1. Counting only residues that are more than 17 Å from residue 66 (Cα to Cα) and of a type in the set (A, V, I, L, M, F, W, C), how many does segment 92-134 have?
2. In segment 93-114, what count of residues is obtained for those that are assigned to a strand (DSSP E or B) and of a type outside the set (A, V, I, L, M)?
3. Any residue at all in segment 209-216 that is free of Cβ contacts under 8 Å to residues at least 12 places away in the same chain and under 30 Å from residue 36 (Cα atoms)?
4. Looking at 162, 219, 132, which is the one that is under 26 Å from residue 34 (Cα atoms) and over 19 Å from the mean Cα position of the chain (by Cα)?
5. Consider residue 185 carefully, then state whether it is surrounded by fewer than 18 Cβ atoms within 10 Å (Cβ to Cβ) and among the β-branched types (Val, Ile, Thr).
6. Hey, can you tell me all the residues within segment 52-65 that are among the aliphatic types (A, V, I, L, M) and assigned to a loop (DSSP other than H, G, I, E, B)?
7. So the check is Cβ under 7 Å with 6+ separation or different chains; which pairs have a first residue in segment 239-256 that's in contact (Cβ under 8 Å) with a residue 24 or more places away in the chain and a second one that's part of a strand (DSSP E or B) and of a type in the set (Gly, Ala, Ser)?
Amino acid sequence: MPENPVSTEFKDHFSTGSKTYGKYRPGYPPALFQYLASVTSAHDWAWDCATGTGQAAVTLANYYSQVTATDASREQITKARQRAGVFYKVAPAEASTLPDSSVDLITVAQALHWFDIPAFSREVDRVLKPGGALAVWTYDLLQVSPDFDKVINELYSDILAGCWPEERKIVESGYQEIDFPLKQIQPPLILMKENWDLHHLTCYLSTWSAVKRYQKKKGSDPLMFCQGKLETAWGNSRTPRLIIWPLTLKIWINEP
């Protein structure tokens, strides 16, 4: 693959309100990290790329001696969760500055669609050890109940129409068109689940990049157009309900 200059352009959709982002986004299930640890023979060093506020990085530290967590957003890094064994730094996905053939596992949680993927692929090839693994995952719209899901789909497709970045289409496809020149393996089915009340869920919706774009463009909160319907479909707003996000996990191994 020819060497091309790495773009320095960074589309920052999440720095504004990064504290809220870290507090209200759903967590990743323990089974995910247990499985990731099982696919690498060594557990010395993991790189969590586009770490955000460190949600995945702090759990990876339960399985890897050292975790380097990078993000192109300085604001996100300043709000990141602190944990022994996790080392944060500001760096783009395409230029980590990590040593050659140094890491056992590379993870990208809900962020690959923002990358210059050819440039990131070259960086993966450079830093991943033989026998190491690249794991990327994404999740789509939440599911609660047919009535509630209908309102969420109205918010997503109608109210926020024209506010989603073009890259969102890659998430909608479940990363189907994304591949790397490594050996892909088939992971088990893993679901993301949370028990939240309606307030927490509404705060989560406010972290959507399209909601922030709508607010910036129109000077109003798009959630107000569906809040009544959300409350009706939910029931008692203080009652926690089970929320499920379908998770797409793709894994490649750097064969020795």
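1. Within segment 92-134, the first condition is being more than 17 Å from residue 66 (Cα to Cα), and the residues that meet it are 92-95, 109-126, 130-131.
So of that shortlist, the ones also of a type in the set (A, V, I, L, M, F, W, C) come out as 93, 95, 109, 111-112, 114-115, 117, 119-120, 124.
Here the count works out to 11.
2. The initial filter retains those residues of segment 93-114 that are assigned to a strand (DSSP E or B), namely 103-109.
Of the ones still in play, those that are also of a type outside the set (A, V, I, L, M) are 104, 107.
Selection size over segment 93-114: 2.
3. Quick first cut of segment 209-216, residues free of Cβ contacts under 8 Å to residues at least 12 places away in the same chain only: 215-216.
Now narrow it down to the ones that are under 30 Å from residue 36 (Cα atoms): none.
No, that holds for no residue.
4. Details: 162 fails: under 26 Å from residue 34 (Cα atoms); 219 fails: under 26 Å from residue 34 (Cα atoms).
Matching residue, one of 162, 219, 132: 132.
5. Details: surrounded by fewer than 18 Cβ atoms within 10 Å (Cβ to Cβ): yes; among the β-branched types (Val, Ile, Thr): yes.
Answer is yes for this residue.
6. Narrowing segment 52-65 to residues among the aliphatic types (A, V, I, L, M): 56-58, 60-61.
Within segment 52-65, 61 is the sole residue that qualifies.
7. 249/135; 251/133; 251/135; 252/133; 253/133; 254/131; 254/132; 256/131
Conditions tested, residue by residue: (1) surrounded by 17 or more Cβ atoms within 10 Å (Cβ to Cβ); (2) outside any helix (DSSP H, G or I); (3) touching a residue at least 12 places away in the same chain (Cβ under 8 Å).
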| position | (1), (2), (3) |
| --- | --- |
| 158 | no, no, no |
| 163 | yes, yes, yes |
| 170 | yes, no, yes |
| 180 | yes, yes, yes |
| 189 | no, yes, no |
| 194 | yes, yes, yes |
| 201 | yes, no, yes |
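Readers should treat all values here as calculations from the given coordinates under stated rules, not as data from a laboratory. Every value quoted in this text rests on a predicted model; they were computed, and no experiment measured them. Counting neighbours? That spans all protein chains shown, and the Cβs are built from the backbone with ideal geometry, glycine included.
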